[in-house]
Amino acid sequence: MSLSPAPLGEAVAAQAFGPAVLLTLTSVLALIGYAWVGLLRASALPGSGAVRRPLRSVPPMAMAWTAQLVALVVDIGGYGLGTPGARFGFAPALSMTIWLVLTVYLVESRFLPLHSVRRVLAWLAAAAVVLAWSFPGESRPAAASPWAPLHWVLGLASYGLFGVAVLHAALMNRAETRLRQKQPAAGGMPLLQLERLTFQFVAAGVGALSLAIFLGWWFTPTWRWDHKNLLAVLGWLVLAGLLVGRRVYGWRGRRATRWLYAGAALLLLSYAGSRFVLEVILQRGAGGVGA
């Protein structure tokens, strides 16, 4: 006995009600936690210019970080939301990137003085949660290759690694500016340590992006030089060129960070920018696995 369209639609809506409530609840909890952390001010250690993270920021940050992860799993996985297969779009990609950057920050901040960027990251994460909540992504067609999920994971990993590299580059530029102005350090990492970490994350990101591009080219029946692929390859060329320039010509300082910012911007436009145009401006859905 087949169900009529109306009862079938009601069944799908009822099945999606629970996960939709969970998605809303976790998004709200993440937003509250990040806003709480963003409103807290760091206090200065007595007798020094160093700053410390208020202990009362730890529970809301942990709550927000966990809630954002659950929201991403429910949203991207499409579990029980009435849509077959995974869902993805520009906003979940940005949210996942910020979440990965925040994850690295939470690990590093236990060993290194990175507390000065805590509030900035909290507000960026809050904005990413709002975007992902407002534009939760669309159902994607079934992958044409078993390698497609690995391609997506590597692409997201490269986004996160380059996001962390950009964060360290910004800290490096600020430390260099303070050094040139002969101002005391504000409890940050030494300049050479920041520079070394920045290029380590760039190298890891280039490795992940290289594998992602190769897999995308390999399992795609007909490779298309569309905006997404063209910008991704251009971003790879810029960032790989940065590593070559660093190795051969010793690039460092603002010249190196300009190359990093340019490459990261190209990658941001590659997927998130292309999907934003398709989903928001042109109001078009996912056109394929590589879309």
### Summary
Between residue 226 and residue 262, Cβ-based FRET efficiency (R0 22 Å, step 0.05) works out to 0.60
### Task
Classify the stretch 226-265 as rounded, prolate or oblate, taking a ≥ b ≥ c as the square roots of the eigenvalues of its Cα gyration tensor: rounded when a/c is under 1.5, otherwise prolate if a/b is larger than b/c and oblate if not.
oblate
### Query
By how many nm would the segment from residue 218 to residue 108 lengthen if fully extended, with 0.36 nm per residue of separation less the alpha-carbon distance?
36.0 nm
### Residue among 242, 225, 212 farthest towards the positive dipole end of the stretch 203-260, charges placed on Cβ
242
### Message
Suppose each label sits 7 Å from its Cα in the direction of the beta carbon; what would the residue 192-residue 210 distance come out to in nanometres?
### Response
2.8 nm
### Theoretical gain in end-to-end length, residue 35 to residue 116 [0.36 nm per residue, Cα-Cα removed]
27.6 nm
### Message
Per-residue counts of other Cβ atoms within 10 Å, averaged by peptide: what ranking do you get for 159-169, 25-35, highest first?
### Response
159-169, 25-35
### Message
List the residues, sorted by chain then number, that are 5 or more residues from residue 251 or on another chain and whose placed amide H is less than 5 Å from its amide H.
### Response
246
## Note on the structure
With 0.36 nm assigned to each residue of separation and the Cα-Cα distance removed, residue 147 to residue 58 gains 28.2 nm
### Query
Tell me, what HN-Hα J-couplings in whole Hz come from the Karplus equation 6.51 cos²θ - 1.76 cosθ + 1.60 at θ = phi - 60° for each residue of the stretch 95-100, using x for Gly and Pro?
4, 5, 4, 4, 4, 5
### Task
Compute the Cα gyration tensor for the stretch 188-237, then decide on rounded, prolate or oblate, letting a ≥ b ≥ c be the square roots of its eigenvalues: rounded whenever a/c is under 1.5, prolate when a/b is larger than b/c in the other cases, and oblate in all that remain.
prolate
### Simple label model, 7 Å out from Cα along Cβ direction - residue 73 to residue 282, nm
3.4 nm
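All of the numbers you see were taken from the coordinates with simple rules; none came from a lab. Everything numeric in this text was worked out from a predicted model, so none of it was measured. Every residue, glycine as well, gets a Cβ built from its backbone with ideal geometry; the counts of neighbours run over all protein chains shown.
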